[in-house]
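One structure below.
FYI, it's all coordinate maths here, none of it is from the lab. A quick note: this is a predicted structure, and the numbers were derived from the prediction, not measured. Cβ atoms come from the backbone with ideal geometry, glycine included; neighbour counts cover every protein chain shown.
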Ligand SMILES: [Zn+2]
C-alpha cells in the first residue's frame, strides 16, 4: 500500500514526458521464428502501432528532441504525448522492413548498434545466423537525418557482470568503432539486456553520452535520470 502511494505521488509530481519504444526485429509474419517472440514484430504491426499512436494525438520525436525536453524548464508548455522509436542491436530487417515505413511517415528513429554484430554482419543464435546491418548499410542509413545511431557495446554482454576495465573497453571502443562508420560523434547509448551498475553509470557519465537507455521501466518522466532513461518494449505478443 505504502509503495503504491509512493508511486502515485511520484507520478503526480513527475509528469510523463515521452514513451520510448524499444523494438528489436521487424520481419514479415511468414518469416517469424517463434523462438524470437516477443522480440519480433511484423511491418504491418509497426504501421498499425504508428497509426494508432497518431490517432491518439501522439507525435513522434527524435532522441535529440527528447534530450531537449528532459533538459528543458518548460515541461508545462510541451505536449506530453511524445514517442521516440528506438531499435536495439542493429538487425538488417530494420533497414529492409522498418525503415521504409518510418520514411513514409517521416518519423525519426534511433538504432543502438552492437559493434561486433556490425563488424561480422551476423548474430549467432541457436536457430542459425541472423543478418545484421554491416558498416555499408549503417553508413548509408546514418546519412538520413531521420536516423540517429547509438552505442550498444561491442560484444552485447551484460555490463553489470563484467570487470570494471572490460566495461570501460566495451563502452569506449564500441563508440570509437561506430564513430568511424557514422562519421559523427555517438551521443546516445543503450545497455544490452538493460544491465548496468554504478560502475557503468560512472563511465557513461564521464564521456560524451547525452542519454543512455534502460530496457524497461515505463514512460520517461520529468527529472528522470538521463543515464538510465526508461523504455517500453513493443511486442506483438498479446
Ligand atoms: Zn541488445
Along Cα→Cβ, 7 Å out, is where each label goes; now give me the distance between the ones at residue 145 and residue 165 in nm to one decimal.
4.5 nm
What FRET efficiency comes out for the pair residue 127/residue 48, r = Cβ-Cβ distance, R0 = 30 Å, nearest 0.05?
0.70
Let me test this: with uniform point scatterers at the alpha carbons of the stretch 38-156, what is the Debye-based log₁₀ I(q)/I(0) at q = 0.12, 0.16, 0.23 1/Å?
-0.49, -0.82, -1.35
Here P(r) for the stretch 174-238, Cα-Cα distances in 10 Å bins, as whole percents, is 19, 46, 28, 7, 0
In percent, how large is the relative contact order of the chain, given Cα pairs closer than 8 Å and 6 or more residues apart?
23 percent
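Among 84, 182, 232, 20, rank each residue by its count of other Cβ atoms within 10 Å, from fewest to most, as a rough exposure measure.
Numbers: 84 28, 182 20, 232 15, 20 25.
Listed from fewest to most nearby Cβ atoms, that is 232, 182, 20, 84.
Please give the length that would be gained between residue 183 and residue 222 if that part of the chain were fully extended, namely 0.36 nm times their separation in residues minus their C-alpha to C-alpha distance (nm, one decimal). Intermediate values should be presented prior to the final figure.
Details: separation 39, 0.36 × 39 = 14.04 nm, distance 3.20 nm.
Additional length available on full extension: 10.8 nm.
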Under the helix-only model (-39500 (n - 2.57) for each DSSP H run of 4 or more, divided by the residues of the chain), the mean residue ellipticity at 222 nm, to 500 deg cm²/dmol, is -10000 deg cm²/dmol
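At a 10 Å Cβ-Cβ cut-off, how would you order 165, 173, 187, fewest neighbours first?
Working: 165 9, 173 15, 187 19.
Fewest-to-most Cβ neighbours within 10 Å comes out as 165, 173, 187.
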Can you bin every Cα-Cα distance in the stretch 106-238 into 5 Å intervals starting at zero and give me the percent of pairs per bin, rounded to whole numbers?
2, 10, 19, 22, 21, 16, 8, 2, 0
What's the percent breakdown of Cα-Cα distances in the stretch 15-233 across 5 Å bins, shortest bin first?
1, 7, 16, 20, 21, 18, 11, 5, 1, 0
Footprinting exposure proxy for 176, 221 (fewest neighbouring C-beta atoms within 10 Å first):
176, 221
Choice from 132, 211, 69 with maximal GNM fluctuation in the chain (Cα, 10 Å cutoff)
69
Separation between Cα centres of the stretch 170-238 and the stretch 103-158, rounded to whole Å
14 Å
